[in-house]
Amino acid sequence: MNNSEMIWHALSQNQVDKIAFNPCNKLNLVMKYVPKEMEVWDITKESAGLALCFGRSLGGKRSAMFIQNTGIGNLITELYTMQKLYQEGLPIFASFRGYFQEPIEAQIIYGSNMETLLTAIDVEYRILEKAEDLVDLAADVANCFAEKKVKVYLLSPELWEEKVDDYHVFGQPHFTPVSVSTGAYEGNPSQTRAEAIKVIMDNVSAEDLVMSQIGFPSKEVYNANDRAENFYMLGALGSATEVGIGLADTIQGRHVYIVDGDGSFFFNPNQLVDLAALKPKNLTVICLDNGSYGSTGNQPTLSSSGMNLSSWVQTMGVESSAITDQPDTFSELIKEKPTFIHYLIKAGNEKSGEEIPLKAVQIKQRFMSAII
């Protein structure tokens with residue numbers, strides 16, 4: 001086996017069957033040798049890939065990431081509030097830019113501080129430079145999963161025996177016609193988020209899985225109907241839908257509902273891109289749109305000044321979506337399970353009810369025991 005094949009062998013030996021990949025020309029050679037049985041998610045943002053992998057881990061599947069080392073700075077918050085908080089293993093293979101014969105000044109200044117950064121954020125790492133560094137890689141990856149930790153494997157350009165610039169088919173613009181039809185909204189929503197969440201929890205079945213966004217949405221889902229099939233996000237604003245996509249990928253026989261909000265999608269529109277691109281059939285994203293960042297004091301979001309999330313999802317290619325401010329219609333939509341439900345609600349948080357008493361690992365273990 002060549003060096004690239006040894007990396008894939010180490011992952012396959014550890015039951016990794018899908019990777020999240022963000023392009024770097026220094027990864028061209030390793031990606032040339034992707035095994036046919038290994039699925040690849042082409043991600044648009046490193047933190048999105050991290051969330052997709054985390055969702056798969058909740059379904060009992062193992063994943064890995066292949067990114068450029070400069071992308072590590074784009075996922076620190078999510079790394080701490082998902083993999084580290086809930087304690088799930090993830091090997092991250094990063095092209096070590098700025099380390100060896102690097103011509104780009106910006107890469108040098110970042111790469112020269114890479115080890116200092118990883119040490120500062122308490123992420124274990126290992127530099128892979130030569131073939132002999134790969135001999136025990138399978139055992140090292142196994143330990144990563146066994147200890148439920150994130151580990152970064154920095155792939156030096158020295159590792160590759162040859163240079164491959166264009167191993168893949170080139171991309172070119174290609175898209176189908178899109179018709180967007182969403183009218184103006186000047187109405188007065190009748191329900192608060194807590195009331196809307198009660199409607200959700202009254203209409204999901206016992207087999208359905210519910211994942212809720214951080215802050216008040218998770219608290220209100222907990223107080224509406226706590227159950228083992230609920231997964232409460234305790235961090236990483238703008239990641240719940242990504243995690244849900246990853247989870248739905250592993251739980252083909254059950255339906256996943258995401259309780260999300262307008263602030264989350266304005267914070268991270270990549271979630272809608274991936275929802276349209278990856279097309280999970282067993283996922284319904286419920287966007288409770290109150291025009292506010294509810295968990296931080298109800299400051300206005302862009303929804304309050306004209307941005308229409310329903311038009312966004314249609315433009316991006318989500319084929320099954322609906323918008324309403326009517327409770328009865330909302331209840332029926334939950335049962336119909338379109339990909340995206342845009343429900344317009346009043347601002348305001350439910351002040352009564354207890355905080356979620358469960359620790360992150362307890363939430364994860366209870367949820368996984370209920371679904372695997």
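Some notes on this structure:
- With the gyration tensor restricted to C-alpha atoms of the chain, the semi-axes of the equivalent ellipsoid amount to 38, 22, 19 Å, longest first.
- Rounded to 5, percent antiparallel among DSSP beta bridges of the chain: 5 percent
- Phi angles of the stretch 217-232 translate, via the Karplus equation with coefficients 6.51, -1.76, 1.60 and θ = phi - 60°, into HN-Hα couplings of x, 5, 4, 6, 5, 4, 6, 6, 5, 5, 7, 5, 7, 9, 10, 9 Hz per residue; Gly and Pro are given as x.
- Here, the stretch 235-372 is characterised by an Rg to Rh ratio of 0.96, where Rg is the alpha-carbon radius of gyration and Rh the Kirkwood radius.
- Once the 1.4 Å probe is applied to the protein heavy atoms, the chain comes out at 44 Å² accessible per residue.
- Exposure check, 1.4 Å probe, all protein chains in place: Glu220 carries approximately 10 Å² of accessible surface.
- Each stretch of four or more DSSP H residues adds -39500 (n - 2.57); spread over every residue of the chain, this sum gives -10000 deg cm²/dmol at 222 nm.
- Sorted on the mean count of surrounding Cβ atoms within 10 Å across their residues, most packed first, peptides 193-203, 253-263, 305-315 read 253-263, 193-203, 305-315.
- Links that overshoot a 18 Å alpha carbon limit, given the list Lys36/Lys149; Lys219/Lys351; Lys148/Lys364: Lys36/Lys149
- The protection proxy used here, the mean number of other Cβ atoms lying within 10 Å of each residue, ranks peptides 129-135, 264-270, 35-41 as follows, highest first: 264-270, 129-135, 35-41.
- In straight-distance terms, cross-link reach from Lys163 covers every one of the lysines whose alpha-carbon lies under 21 Å from its own, apart from those fewer than eight places away in the same chain; here that gives Lys26, Lys32, Lys130.
- Against the criterion of solvent-accessible heavy-atom surface with a 1.4 angstrom probe, Asp136, Asp166, Asp289 sort, most first, into Asp166, Asp136, Asp289.
- Apportionment of accessible area to carbon and sulfur, the stretch 1-126, percent (1.4 Å): 48 percent
- Ranked by the mean number of other Cβ atoms within 10 Å per residue, highest first, peptides 146-152, 231-237 order as 231-237, 146-152.
The values are calculated or read from the model by the stated rules, or taken from the named source; none is laboratory data. Just so we're clear, the structure is a prediction, and the values are computed from it rather than from any experiment. Glycine gets a Cβ as well: all are built from the backbone with ideal geometry, and neighbour counts include every protein chain shown. For accessibility, only protein heavy atoms count, side chains too; no ligands or nucleic acids. Shrake-Rupley method; radii C 1.70, N 1.55, O 1.52, S 1.80 Å.
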